[in-house]
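Heads up, the thing below is written out as structure tokens.
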Amino acid sequence: MPIEKSLTVTFKAEDEAKTTYLRMDSDTDRNVDEDGNALTTFLPGSKAYVRVYGEGYTIDSSAGFISSEGFGTREITETVKFHNSKTATLSYLPSGSVTYSWTGNNCGTPTRNGMTLSLSSECIGVLECIYDIAFDRYAVYFAEEGAVTVVANLEIEGLDDLNAYVDFTFADAATTLETDLSLILDNDKNDDETTFGVGDWVYLLCFHANDAERTYISSNGSVSRVAQDAAVDIEDEVVNFQNTSTGILAYLPIHSVSYVWSGISFGEYPNNVFPIFDGRTITLKEKALGTLTCTYKTKADRVRLSAVNIIGSTFVLVTQTIEAEENGESTEYSSVCEVIFEDVTGTDEPIPYDLNIKDFCSSSDIEGVEVIWDGVSIGVTDSSGVIYLGLQAPGSTHTLKMIKTGYIPSDEDNLNNDSVTIPPRGIV
């Protein structure tokens, strides 16, 4: 699949006049999906956003239509280098004061005129500048598939015109190669904990749109996949429709999707919608304004991080190499999740544990074993022979009974398997 790129070009008049500069870029604050990932292609009928820096310009798009979305400011941190020179130029026109931090020869405090910085003498060094810049925001709407170029033009008397542009690609999600990959904490298995004690087991979920093999590594401790393509509940995911008829789910459903609509449509059915789910893509029969709250199941790898013995951050990395069908070229995709560990030495607070049941003779994992824990049935083991025990106190002992057709119940055999002692923290 071709890789789309955006090119930002800056043009400045040589006289550095205050108002004769023009710059435009893709609005990275708005051009993201619901998970905050940067979008490189946009669904037909959706909006792509640009920011324009400058004054007195005109703006147009090669297709669709463009509308003003107001204005704003953002903070810039920029490094300006002086190579035995007295002056240097900022990339943007500050909308207020500039904070400076100088590294190099002692050349005094710089002065600023518009975008130009001046020192009292020729110097060698680096000036770190922090300042706010003002921009105008525009949205480009295109209802079909194809490329759209947004162009800003500034005419300057006696000088060449200034131009800046940004390219966007609008394409149906169904025609693109699915490469989404994300690794997050498993809130259900971690009981909504976001920090962990040294020695705790930590569970993560890896959502993957492509079935290519995944590889997991961690910066500390050990990481292992305890379940492949497990069914995971996605509850109350909100998909927004802003005068559009298409939307996209964060993950690929593996069963039907239940939904609740709140809003209106603009056609034959003004008080309701009739969504069609095709993979991750949602299509309404007409344009609508509102939200679709969806609940469904998706598949994800469940990963366990263990034996971490340091305080602070441990990073878990998943990588996946995907080959494009059109040209056979391979691209590596990755996602990283940070796990924070604290010092809990001497504590006996309960922590989450799994129980892995294996055949005594073959040591193979056994699926579908009913587990009775402390006299209460807690369910059956999954395809990996694993069942979640919930929070258990390290060092505590519990009664255990296992039942499966074709096997002798564990309380009737001659094996020493009628009780389990939870290992201390840090012991896997």
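The values are calculated or read from the model by the stated rules, or taken from the named source; none is laboratory data. Keep in mind it's a predicted model, so treat the numbers as computed, not measured. Note that each Cβ is placed from the backbone with ideal geometry, even for glycine, and that neighbours are counted across all protein chains shown.
Brief remarks follow.
- Test: residue in the range 224-234 that is within 30 Å of Tyr141 (Cβ to Cβ) and touching a residue at least 12 places away in the same chain (Cβ under 8 Å): yes
- Those residues of the range 282-337 which are of a type in the set (D, E, K, R) and in contact (Cβ under 8 Å) with a residue 12 or more places away in the chain, in sequence order: Lys285, Glu286, Lys287, Lys297, Lys299, Asp301, Arg302, Arg304, Glu323, Glu325, Glu326, Glu332
- Summed over the range 101-116, residues that are loosely packed, with under 15 Cβ neighbours inside 10 Å and free of Cβ contacts under 8 Å to residues at least 60 places away in the same chain total 8.
- Selected residue (criterion: nearest to Ser330 (Cα to Cα)) from residues of the range 209-224 that are at pLDDT 90 or above and surrounded by 15 or more Cβ atoms within 10 Å (Cβ to Cβ): Arg214
- Residues in the range 292-310 that are surrounded by 14 or more Cβ atoms within 10 Å (Cβ to Cβ) and farther than 13 Å from Phe207 by Cα: Leu292, Thr293, Cys294, Thr295, Tyr296, Arg304, Leu305, Ser306, Ala307, Val308.
- Residues in the range 51-71 that are assigned to a strand (DSSP E or B) and more than 21 Å from Gly114 (Cβ to Cβ): 10 in all.
- In the range 229-241, the residue that is nearest to Phe170 (Cα to Cα) out of those that are crowded, with 16+ Cβ neighbours inside 10 Å and not charged (D, E, K, R) is Phe241.
- Of all residues assigned to the range 28-35, none qualifies as being touching a residue at least 40 places away in the same chain (Cβ under 8 Å), assigned to a strand (DSSP E or B) and touching a Leu at 6+ places or on another chain (Cβ under 9 Å).
- If you check Val371, Val308, Val376 for being within 30 Å of Thr194 (Cβ to Cβ) and either among the small types (Gly, Ala, Ser) or not assigned by TED's automatic domain parsing to the domain that holds Pro394 (or both), only one passes: Val308.
- When the range 398-424 is filtered for residues that are in contact (Cβ under 8 Å) with a residue 24 or more places away in the chain and surrounded by 15 or more Cβ atoms within 10 Å (Cβ to Cβ), the ones remaining, listed by number, are His398, Leu400, Lys401, Met402, Ile403, Lys404, Val420, Ile422.
Condition check ((1) under 19 Å from Tyr251 (Cβ atoms); (2) touching a helix residue (DSSP H, G or I) at 6+ places or on another chain (Cβ under 9 Å); (3) outside the structural domain of Ala393 (by TED's automatic domain parsing); (4) aliphatic (A, V, I, L, M)) across all residues:
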site: Thr195; (1), (2), (3), (4): no, no, yes, no
site: Asp200; (1), (2), (3), (4): no, no, yes, no
site: Leu204; (1), (2), (3), (4): yes, no, yes, yes
site: Thr215; (1), (2), (3), (4): no, no, yes, no
site: Asn220; (1), (2), (3), (4): no, no, yes, no
site: Val223; (1), (2), (3), (4): no, no, yes, yes
site: Ala227; (1), (2), (3), (4): yes, no, yes, yes
